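Computed from the coordinates by the stated procedures, all read-outs in this text should not be read as laboratory data. Note that the structure is predicted; figures quoted are calculated from it, not measured. Please note: Cβ atoms are built from the backbone with ideal geometry, for glycine as well, and neighbour counts cover all protein chains shown.
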Ligand SMILES: Nc1nc2c(ncn2[C@@H]2O[C@H](COP(=O)(O)OP(=O)(O)OP(=O)(O)O)[C@@H](O)[C@H]2O)c(=O)[nH]1
Ligand SMILES: [Mg+2]
C-alpha cells in the first residue's frame with residue numbers, strides 16, 4: 001500500500017462510517033497483521049511519529065501545521081513489517097482528541113475505543129509531561145471499559161474483577177509517548193528510567209474519598225486492563241521555526257537526541273508488538289477476513305450506539321457470532337448456533353457456486369472477447385454473428401456440471417455486463433437499416449426482460465427452498481430436543497429409583513439397629529422422592 005487510506009470516516013455531524021475500499025483491502029491481506037494505533041490530544045505530533053514507525057523516508061500520514069485539527073476519523077497504512085518477515089504492519093492514525101472546534105467528547109470516545117480494540121499496541125501521545133491533566137484525558141479508557149462492563153453486566157452477571165481478566169485478553173500493549181519533554185528524569189534525587197517515570201505517574205492515592213477515587217480510576221484502568229505498559233520521552237525534534245515543516249527536514253537536520261529516542265521507540269514497537277489475534281488466539285490475516293477483525297472490535301461497542309449498530313450490520317453480513325469477542329460471555333443458544341452455522345454454510349455455498357460459474361463463463365467467453373477486441377464483429381452482419389456466438393456460449397454454459405445455486409444469477413450479471421458491447425456492435429453494423437436496428441434493439445431488450453423474469457422465478461424458488469430448509473431444520477431441532485428431554489427424563493428416573501432402593505436398604509438397616517426416628521426421617525425422604533417421580537412431566541412442550 002503506497003499511501004495511507006481512510007478506514008473510518010468521521011463526518012462533521014459525528015457519524016462514523018467504514019470506508020468499503022479500505023475494508024476490501026484489509027480482506028485481501030493474507031498475512032498475520034501487527035496493528036499499531038496512535039491516539040491522544042489533537043495537534044501533538046501523532047501523525048508525524050506514526051510516519052516514523054512506517055520506516056519510510058517520505059510520504060505517509062498527512063500532517064497539518066496550523067492550529068486546526070488535521071487527521072479526521074481513522075486512517076490506515078498497511079506495510080510489510082520491517083522486522084517480521086511474512087507479517088503486515090498496519091498503522092492506524094486517529095483523529096486528535098479534545099478538539100475545541102469539534103467539542104464532541106462522545107465522538108472522541110468512540111474513536112479512542114476503536115483505536116484500543118483494533119490495535120496490538122496503542123501509543124498514547126501527550127505533550128510535555130505525564131501530569132494530572134494528561135491522566136484526566138485518559139478518562140476515555142475509563143469510559144470505554146465502563147461501557148463494555150455495563151453492557152456485559154446486563155447480559156450475564158459477572159463478578160467485579162473478572163472484567164479485568166477479560167479485557168487483558170483483548171486490550172493492546174500500552175505505550176505512552178511524551179513529546180517535547182524538557183525535564184530531568186530524576187525522582188527524590190535519584191535518576192529514574194522512563195518506565196519508572198510512568199509507574200510513578202500511575203501510583204494510586206490511598207483512601208476512598210471521592211477525590212481519591214477520581215484520581216485513581218484512570219490509573220487503575222491502565223494498570224488492570226492493559227497487559228503491558230512502557231514509556232518513551234522525546235525532546236523537541238527541531239528548533240521552533242522548523243517545527244511547522246518537520247516533514248521537509250533531512251534526517252541530519254533533526255535534533256540528534258530526538259533521532260536516538262525515535263530509533264529506540266521504533267525498535268521497541270516493531271520488536272514487541274504482537275500479531276493481532278481474535279478470541280481463541282487465532283491470528284488475523286491468513287484468510288481471516290479484515291472485516292472479522294473490525295467486526296470483532298466493533299461488536300462490543302455497536303449495540304451501545306445507533307450508528308454503530310448500522311455499521312455492525314453492514315460489516316456483519318455472513319459472519320459468525322465468534323466475531324464478537326467481548327460478547328462471548330453470553331453463550332449462544334443451540335438454535336442460534338444452528339442458525340449461524342446454516343447461514344455460514346449457505347454463504348460458503350453461494351461463494352463457491354459463484355466462483356465456479358464465473359470461472360466457467362470466463363473460459364467460455366474468452367474466444368468471443370478476443371473477437372470483440374480484434375473487431376471481428378465490426379463488419380456488416382457482425383451483430384447477428386455476435387448474438388449467435390453468445391447463444392452458443394450460453395448453451396455450452398448450461399451444460400457445465402456442478403454450477404450450483406448461483407448459476408442463473410451469475411449468467412444474468414455476465415450478460416448484462418456485455419450489453420454495452422452488443423449495443424455498440426449493433427450501431428456499427430452497416431448491413432442493417434435503421435428500422436432493423438430498432439427491431440434488434442427491441443428484441444435484445446425483450447430477451448433481457450425475459451431473462452430477468454426467469455431469474456426472478458428462480459430466486460423465488462430459491463427463497464421457498466430456503467424457507468423449507470429452515471422449517472425442516474427447525475423440525476429436526478425440535479425432534480432432537482424432544483429426544484434429549486426424553487433421555488434426560490429416563491436418566492433422572494433411573495437415578496431416582498436407584499436412590500429410592502438405597503434409602504430403602506438404609507431404612508431396613510436403621511430399623512434393625514433400633515433407630516426409629518431415623519427410619520421415619522428416611523420414610524419422609526422416600527415419600528418426597530416418590531412424589532417427585534410421579535409428578536407429570538411436560539415432555540416436549542417446552543420447545544413448541
Ligand atoms: N513541537 C512539536 N511539534 C511537532 C512534533 N512532531 C510533529 N510536530 C509538528 O506539529 C504539527 C502537527 O503535527 P501532526 O503530526 O499533524 O499532529 P497530530 O497530532 O497528528 O494532529 P491532529 O491530526 O490534528 O490531531 C506539525 O506541524 C508537525 O511538524 C513534536 O515532537 N514536537
Ligand atoms: Mg494527525
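A few notes on this one:
- Taking a ≥ b ≥ c as the square roots of the eigenvalues of the Cα gyration tensor, region 1-65 is oblate, since a/c reaches 1.5 or more and a/b is not larger than b/c.
- Protection proxy ranking of 79-86, 180-187, 249-256, by the mean of other Cβ atoms within 10 Å over each peptide's residues and highest first, is 79-86, 180-187, 249-256.
- Prolate/oblate/rounded label for region 480-534 (Cα gyration tensor, a/c 1.5): prolate
- Average 1/r across all pairs of distinct alpha carbons in region 334-432, invert it, and you get the Kirkwood radius: 15.3 Å.
- 21, 342, 240 arranged by Cβ crowding within 10 Å, fewest neighbours leading: 240, 21, 342
- Backbone N within region 176-198 under 17 Å of label point (7 Å from residue 271 Cα along the Cβ vector): 194-195
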